[in-house]
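Here the structure comes first, spelled out in C-alpha cells, and everything after it is commentary.
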Amino acid sequence: MTTQPQKKLHFVMIPFASQGHLIPMIDIARLLAQRNAIVTIFTTPLNAVRFKSIIDRDIQSRLSIRILELQFPYAESGLPEGSESLDTLPSPSYRENLMYALSLLQQQVEQHFQELKPNPTCIISDKNLVWTPEIARKFRVPRILFNGYGCFADLCAHYIHVSKIHESVESDSEPFVVPELPDRVELMRAQLSSAFNPESDPYLKALRVRIREAEEGAFGVVVNSFDDLEGEYVKEENKTARGGKVWCVGPVSLRNEDELDKAEKGTNKNKASNDEEKDRILSWLDLWTQGSVVYAFLGSMNCVTPPQLAELGLGLEASKRPFVWVIRGAYRREEFENWLKEDGFEERIGKRGLLIRGWAPQVLIISHVAIGAFLTHCGWNSALERVCASVPMVMWPLFGEQFYNEKFIVQVSKIGVRVGAEVVVPPGKEEKFGVLVKRDQIREAIEKVMDEGREGEERRVRAKKLAKAAKEAVEEGGSSYLNITSMLEDVMQYMHA
Ligand code: UDP
C-alpha cells in the first residue's frame with residue numbers, strides 16, 4: 001500500500017505596518033517555516049527591506065519562506081515618501097493616512113492571492129487590518145488573528161469594554177477594579193487606551209469598533225506569550241474565545257538565535273552602517289561589568305517631546321550608572337540635538353553613556369551580560385524580550401495598552417518597578433501634557449530596580465526564573481512549541497474537513 005504524501009500547509013501572513021506588530025509576525029512566519037510549512041509574507045518595500053537579509057538566509061537554509069512586495073499607495077494616501085510604517089511617519093497626524101494606505105492594499109493582496117501556488121491554506125493577519133476577513137471568506141480559508149500584545153492586556157481591554165466600568169467612575173483619576181480578572185487590578189480612566197477616551201479621535205473610535213467586529217469568525221488567535229508567564233490569563237482568554245482558539249507561541253524573539261539575526265532584525269540602516277553600529281555598541285558594552293548598565297528605550301513610535309526627553313537624559317545622568325539611551329530617529333530630532341549641544345550633555349557624560357540615534361539592535365543589546373536594568377515604555381514585545389534577558393524593568397507607560405502591560409509586569413509578574421507615569425499621553429497630544437516624569441523619579445526608579453537589597457534580589461530571582469521558563473517554552477516539547485504543533489494540526493484538520 002502506498003501512502004499519499006501529506007499536503008503542505010501554506011500560510012499567508014499579512015502584518016500591520018508598525019515594528020511592534022511586524023517584527024513578531026516575521027518571527028512567527030519563520031517559526032512556521034521551520035516547522036515545514038510554506039509561508040508567504042505580504043508587505044510593502046520599505047518594510048520588506050528590514051527583514052530581507054534574514055529571510056534570504058532562511059531561504060538559503062532551504063526554508064519555504066518568501067516576502068511578496070506590495071506597492072505602497074503614496075499618491076492616493078498623501079503620505080510623504082519613506083513613510084510606510086507608524087515609526088517612520090513624520091508626525092502622528094499622518095496616522096489616519098497610513099491606515100487608509102493599508103486599506104488600499106486589499107486589492108493587491110487579492111490579486112496575488114489567486115495566483116499563489118500552492119493554494120494558501122490559512123491567513124494569519126493583524127487584527128488592525130479589518131479588511132482581511134473578507135479575503136478569508138472570498139478564498140475560503142481560515143483566518144488566524146494576531147493582536148500584538150499578551151492575554152492580560154487583551155483581557156483588560158475586553159472586560160472594560162463589555163462591563164463599561166470606566167463609565168461608572170466620576171473622574172479620570174478615580175481608580176476602578178477591572179472585572180473578571182484572576183487578580184485584583186486597579187486602573188484609572190486616564191490610563192486606558194484611546195478607545196475608552198471620550199475625547200478620542202472619532203476615526204480611531206470607529207476603527208476600534210470595526211476591529212472588534214472583525215474578530216468575529218476568526219479561526220483562532222496566535223499570541224506572542226507563553227503559558228508559564230500568563231498562565232491564568234491564557235485560560236481566561238481561551239474562555240472568552242472571541243476569536244476562536246488561543247495559541248501562545250512565544251516568546252517569538254527567541255527564534256533569532258544567532259548574532260546576525262539579532263543585529264539585523266527590523267533595522268532600516270544599511271548593512272555597512274548597521275555592522276559598524278553593532279561593533280560600536282558591543283565594544284562599548286564589553287567595557288562594563290555584569291549587570292551594571294541601564295538600557296533606556298521608549299518605543300519605536302513614541303513622540304516624547306524634547307523637554308521630556310531632556311528630563312530622561314538628566315535622570316539617567318543622575319543615576320550615576322552607565323547607560324545606553326536609544327533616541328528615536330524621526331520625531332523633532334533637530335530640536336533635541338540642539339538641546340544636547342547647548343546643555344553639554346554628551347561632554348559631561350563622556351564614555352559613561354552610549355547614545356543610539358534611530359534604530360537600535362535591541363535584542364542584541366539586551367542579550368549582553370552588562371545590562372542590569374531596562375527602562376521601557378512597556379511595549380509588549382520589548383517587555384517580552386526583556387523577560388527573556390532575565391533583567392528587571394523600570395516601567396514608563398506612554399499610550400495604547402502600555403498601562404495594562406505595566407500592571408502585568410509590576411503587579412502580576414513582579415519583575416519591574418514603576419517610574420510613576422500616571423496618564424496616557426495620546427500620540428499627537430504630547431505638547432499639551434508637558435513634562436510629566438521628572439528626573440528624580442527616573443533616578444529613584446533606577447536605584448530601586450538595581451537595588452542590591454532583599455527586594456531587588458527577589459525581583460532578579462523572579463526575572464531569572466521567567467527567563468528560564470521562556471527558553472524552555474520554545475524548545476522542542478515546550479509549551480509554545482507544542483502550541484505551534486496544535487495550531488498546525490488544527491489548520492490541517494480544517495483543510496481536510
Ligand atoms: N525595536 C528595535 N530597535 C529599535 C526600535 C524597536 O529593535 O530601535 C524593536 C523592539 O525590539 C521590539 C519592537 O521593535 O521588538 C517594538 O515593539 P514594542 O511592542 O516593544 O513597542 P512599540 O515600538 O511597538 O511601541
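Observations on the structure shown:
- Share antiparallel - DSSP beta bridges, the chain, percent rounded to 5: 5 percent
- FRET efficiency, Glu213 to Lys271 (Cβ-Cβ, R0 51 Å, nearest 0.05): 0.75
- Semi-axes of the equivalent ellipsoid for region 271-471, Cα gyration tensor, largest first, Å: 24, 21, 16
- Between region 433-458 and region 90-163, the alpha-carbon center distance in angstrom: 38 Å
- Counting other Cβ atoms within 10 Å as a rough exposure proxy, the listed residues His112, His158 run His112, His158 from fewest neighbours to most.
- Shape class of region 416-497 from the alpha-carbon gyration tensor: oblate, with a/c at 1.5 or above and b/c at least as large as a/b.
- Value of D in µm² per second that Stokes-Einstein yields for region 154-311, Kirkwood Rh from Cα pairs, at 37 °C (0.692 mPa s): 165 µm²/s
- Convex hull volume per residue for the chain, taking Cα atoms only, in Å³: 149 Å³
- Gap separating the Cα centres of region 1-74 and region 261-318, nearest whole Å: 28 Å
- Averaging 1/r across all pairs of distinct Cα atoms in region 5-52 and inverting the result yields a Kirkwood radius of 11.3 Å.
- Theoretical gain in end-to-end length, Met495 to Leu282 [0.36 nm per residue, Cα-Cα removed]: 71.9 nm
- Here the chain is assigned +1 on the Cβ of each Lys and Arg and -1 on the Cβ of each Asp and Glu. Its dipole about the Cα centre then comes out at about 880 debye.
- Taking label points 7 Å from Cα along the Cα-to-Cβ direction, Glu347 and Glu259 give a separation of 3.6 nm.
- Exposure proxy order (Cβ contacts within 10 Å, fewest to most) of Glu230, Glu455: Glu455, Glu230
- For the chain, the relative contact order comes to 15 percent (Cα pairs under 8 Å, sequence separation of at least 6).
- Selected from Ile281, Ala310, Val435, residue furthest toward positive end of dipole (region 271-471; charges at beta carbon): Ile281
- ³J(HN,Hα), Karplus 6.51/-1.76/1.60, whole Hz, each residue of region 346-357, x for Gly, Pro: 5, 5, 4, 6, x, 6, 5, x, 10, 9, 10, 9
- Percentage relative contact order, region 277-382, counting C-alpha pairs under 8 Å, at least six apart: 47 percent
- Residue exposure proxy: Trp288, Trp380, Trp339, ordered by other Cβ atoms within 10 angstrom of their Cβ from fewest to most, comes out as Trp339, Trp288, Trp380.
- Dipole magnitude for region 271-471: computed about the Cα centre from +1 point charges on Lys and Arg Cβ and -1 point charges on Asp and Glu Cβ, it is near 720 debye.
- Both the radius of gyration and Dmax for region 64-189 are 19.4, 57 Å, in that order, over alpha-carbon atoms.
- Gln114 paired with Glu334, simple spin-label distance in nm, labels 7 Å along Cα-to-beta-carbon: 4.8 nm
- Placing R0 at 51 angstrom, the Cβ-Cβ distance between Asp172 and Arg62 gives a FRET efficiency of 0.40 after rounding to 0.05.
Only the coordinates and a few stated rules stand behind these numbers; no lab work does. The structure displayed is predicted, hence computed values, not measured ones. Counting neighbours? That spans all protein chains shown, and the Cβs are built from the backbone with ideal geometry, glycine included.
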